[in-house]
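Worksheet: the structure to be examined is printed underneath.
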Amino acid sequence: MTLHTVEKIGGTSMSAYAAVRDNIIFKLAGGEALYQRILVVSAYAGITNRLLEHKKNGQPGIYALFASSVNDSSWQSALADLKAEIFAINESLFGEGYLLEQANRFIGKRLDDAERCLSDLQRLCQHGHFALGSHLATVREMLASIGEAHSAWNTTMLLKRDDVNAHFVDLTGWQCGDHIPLDQRLESAFEHLDLKHQLPIVTGYAHSEDGLMSTFDRGYSEMTFSRIAVLTQAREVIIHKEFHLSSADPRMVGEQNAVPIGRTNYDVADQLANLGMEAIHPKAAKGLRQSNIPLRVKNTFEPEHSGTLISVDYISDTPQVEIIAGCKGVYALELFDQDMAGNMSGYDGEILGVIGRFRASVVAKDINANTITHYLSTNLKTIKRIRRVLEERFPEADINLQKVAVVSAIGSDMQITGILAKAVSALANQAISVLAIHQSMRQVDIQFIINEDDYPLAIKSLHRCLVEVHDHGRAISLAS
């Protein structure tokens, strides 16, 4: 059995170097325990949003500004602002002196290289024979890599200053002419490292011939993290976040009522990811699940707490709901066509093809004899485009849109007699109308489609009814 762990540090945690050093690097470390770890780092909080686009509100970053117009120079102003922000981050970490000069020189060169590449591409695409769209995927990959290179290089130098034998592992392929598969790049990077005496600080972005972002988009660092763990046969993987994986959002149900889950399985992690509340990207979790590597989610700022352990075969001793989660801003796209009866598969396949073309995420789906409703997590612009295409394809169908919310009760074992009636009753007691319900035979989740305005109250009422009635102390203790 291997001794090492692979650990990923989230962006908000990365922005607090002292907490990373004291709570992750040094906490509980003694002798060789300081090493036998591989740390995969995210960009500092907000930097990837500035490089690409804001993950939540869609506000354009450098990539989105560049992609929107060949002749517009707004991306250059955004790049200059980002450079100033990055240099300010460096100054806050290193203070004045030689290390600050080195830090600014390292990341400044990458930013300057990126600006030259974009300027050259912009000029090239002003000629009719060259189309900007065919290069945008590469541009996105290049820009994304800058954030993790910045944070990983800085963290390596800071740890060396603090007497840790840290080693910068740059997977970005910057100015590297080789386009190789991801696994080959990872195996090459770790081939000569001595985990007993070195602490690798690894960029969360890894360049590959297929491009991580084309498949995983903003989940690329989790895929890097997962593949490193699988290829090096880690005994455990750990994700350090700024919060616990809790039974519900503490801001909604109250910090005194929300508790860390303690133990759960990858089925639950997949359900959370489907709602946009990722413990880990489902495709990254797949490799860990297949290799039987457990995942621990810890709060960087509560190092004494063992966090939540996610494993392959865990099932709670007593059937129960472990978490109440959900998402707002979901669009119910309902297509009714009398001709659908008896030809469901033909309609469903074509509708899903259109949804996939516009990269909308399907949260849930309803089907009856002549109606298919998809609940999509996307923006209004995209949903309108999807509707227009479907109206052209199915001119005799009635297509309706409604903005809704999804609230889900999730657990590793929810085979509880009467749980559905109990949950619906809890919502009804708060005068919350249930628009649709989904409960699968796998018994790991129940989804309620409700009006968006009822979302906070639904979370609170279901948590009070299904979670707060249980003693979670034993489950939490088992995670250690």
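The values are calculated or read from the model by the stated rules, or taken from the named source; none is laboratory data. This is a predicted model, so every value here is computed, not measured. When we count neighbours, we look across all protein chains shown, and the Cβ atoms used for this are built from the backbone with ideal geometry, even at glycine. Please note that ligands, DNA and RNA were not included when accessible areas were found on the heavy atoms of the full protein model with its side chains. Shrake-Rupley method; radii C 1.70, N 1.55, O 1.52, S 1.80 Å.
The figures follow:
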item	result
Members of the range 148-189 that are among the charged types (D, E, K, R) and either surrounded by fewer than 17 Cβ atoms within 10 Å (Cβ to Cβ) or under 22 Å from Gln102 (Cα atoms) (or both)	Glu148, Lys160, Arg161, Asp162, Asp163, Asp170, Asp178, Asp183, Glu187
Per-region count, the range 192-215, residues open to solvent by less than 30 Å² (accessible area, probe 1.4 Å) and out of contact with any strand residue (DSSP E or B) (no Cβ under 9 Å at 6 or more places or on another chain)	6
Where Ala428 falls short, out of the listed (1) free of Cβ contacts under 8 Å to residues at least 24 places away in the same chain; (2) over 32 Å from the mean Cα position of the chain (by Cα); (3) loosely packed, with under 12 Cβ neighbours inside 10 Å	(3)
Failed condition for His129, given (1) at pLDDT 90 or above; (2) farther than 16 Å from Trp153 by Cβ	(1)
Unique residue being in a helix (DSSP H, G or I) and over 23 Å from Pro319 (Cβ atoms) when the list is Lys286, Lys298	Lys286
Residue satisfying condition, being among the aliphatic types (A, V, I, L, M), surrounded by 21 or more Cβ atoms within 10 Å (Cβ to Cβ) and not in a loop (DSSP other than H, G, I, E, B), within set Leu333, Leu231	Leu333
Whichever residue in the range 305-328 is open to solvent by 20 Å² or more (accessible area, probe 1.4 Å) and part of a strand (DSSP E or B) and, among such residues, is modelled with the highest pLDDT	Leu309
Of the criteria (1) modelled with pLDDT under 90; (2) open to solvent by less than 30 Å² (accessible area, probe 1.4 Å), which one Asn299 fails	(1)
Residue identified as at pLDDT 90 or above, under 29 Å from the mean Cα position of the chain (by Cα) and part of a helix (DSSP H, G or I) among Ser134, Ser92	Ser92
Single residue of Asp413, Asp453 found to be among the acidic types (Asp, Glu) and either open to solvent by less than 50 Å² (accessible area, probe 1.4 Å) or in contact with a Gly (Cβ under 8 Å, 6 or more places away or on another chain) (or both)	Asp413
So Val268, is it β-branched (Val, Ile, Thr) and either at pLDDT below 90 or more than 19 Å from Gln443 (Cα to Cα) (or both)	no
Residues of the range 234-245 classified as closer than 29 Å to Arg464 by Cβ and surrounded by fewer than 22 Cβ atoms within 10 Å (Cβ to Cβ), total	4
Tally, over the range 374-406, of residues that are open to solvent by 80 Å² or more (accessible area, probe 1.4 Å) and closer than 28 Å to Lys55 by Cβ	8
Index of the failed condition, Ala80 passing every other in (1) in a helix (DSSP H, G or I); (2) open to solvent by less than 20 Å² (accessible area, probe 1.4 Å)	(2)
Among the residues listed as Ser145, Ser74, Ser69, the single one being more than 25 Å from the chain's Cα centre (by Cα), surrounded by 13 or more Cβ atoms within 10 Å (Cβ to Cβ) and at negative phi	Ser74
Whichever residue in the range 405-417 is hydrophobic (A, V, I, L, M, F, W, C) and touching an Asp or Glu at 6+ places or on another chain (Cβ under 6 Å) and, among such residues, is farthest from Ala325 (Cα to Cα)	Ala405
Failed condition for Ala269, given (1) crowded, with 22+ Cβ neighbours inside 10 Å; (2) in a loop (DSSP other than H, G, I, E, B)	(2)
Where a residue in the range 160-185 is in contact (Cβ under 8 Å) with a residue 12 or more places away in the chain and its partner, wherever it lies, is aromatic (Phe, Trp, Tyr), with Cβ under 7 Å and at least six apart	Phe168/Trp153; Leu171/Tyr205; Thr172/Tyr205
Any hit, the range 209-228, residues being within 12 Å of the chain's Cα centre (by Cα), at pLDDT 90 or above and basic (Lys, Arg)	no
The range 246-265 residues that are at positive phi, paired with ones that are of a type in the set (S, T, N, Q) and surrounded by 16 or more Cβ atoms within 10 Å (Cβ to Cβ) (beta carbon under 6 Å, 6 or more apart)	Gly262/Thr308
Matching residues in the range 336-373 - criterion: being over 15 Å from Ala405 (Cα atoms), open to solvent by 20 Å² or more (accessible area, probe 1.4 Å) and of a type in the set (A, V, I, L, M)	Ala341, Met344, Leu352, Ile367, Ala369
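Per-residue answers, yes or no, for (1) assigned to a strand (DSSP E or B); (2) farther than 24 Å from Tyr331 by Cβ; (3) more than 29 Å from the chain's Cα centre (by Cα):
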position: Gln402; (1), (2), (3): yes, no, no
position: Ser408; (1), (2), (3): yes, no, no
position: Met441; (1), (2), (3): no, yes, no
position: Phe448; (1), (2), (3): yes, no, no
position: Tyr455; (1), (2), (3): no, no, no
